[in-house]
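Only one structure is covered here, and it is reproduced in the block below.
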Amino acid sequence: MSKEIFRLEDIGFKVDNQQILENIRLTIHKGDIVTVTGPSGGGKSTLLKLMGLLISPTSGKI
């Protein structure tokens with residue numbers, strides 16, 4: 001198994017009373033190729049901002 005380079009553990013993100021992301025778990029290993037897809041408003045940009053440490057999760061651990 002390749003080396004783990006990134007992990008999200010039960011990540012959540014909430015703005016005011018609106019839950020944007022909830023209980024997201026993701027592990028990325030060296031050499032992995034990851035694609036993020038989904039509908040408009042589905043939280044893709046929020047997820048990438050969290051992964052890039054541009055914003056902080058309201059729950060969980062990076």
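Here, each number is a calculation from the coordinates, and none is a lab measurement. Fair warning: this is a prediction, and the values are worked out from it, not measured in the lab. Neighbour counts run over all protein chains shown; Cβ positions are idealised from the backbone, glycine included.
Within the range 27-58, the residues that satisfy the criterion of being touching a residue at least 24 places away in the same chain (Cβ under 8 Å), in contact with a Lys or Arg (Cβ under 8 Å, 6 or more places away or on another chain) and not in a loop (DSSP other than H, G, I, E, B) are I28, H29.
Taking the range 24-35, which residues are touching a Ser or Thr at 6+ places or on another chain (Cβ under 9 Å) and surrounded by 11 or more Cβ atoms within 10 Å (Cβ to Cβ)? Correct list: H29, D32.
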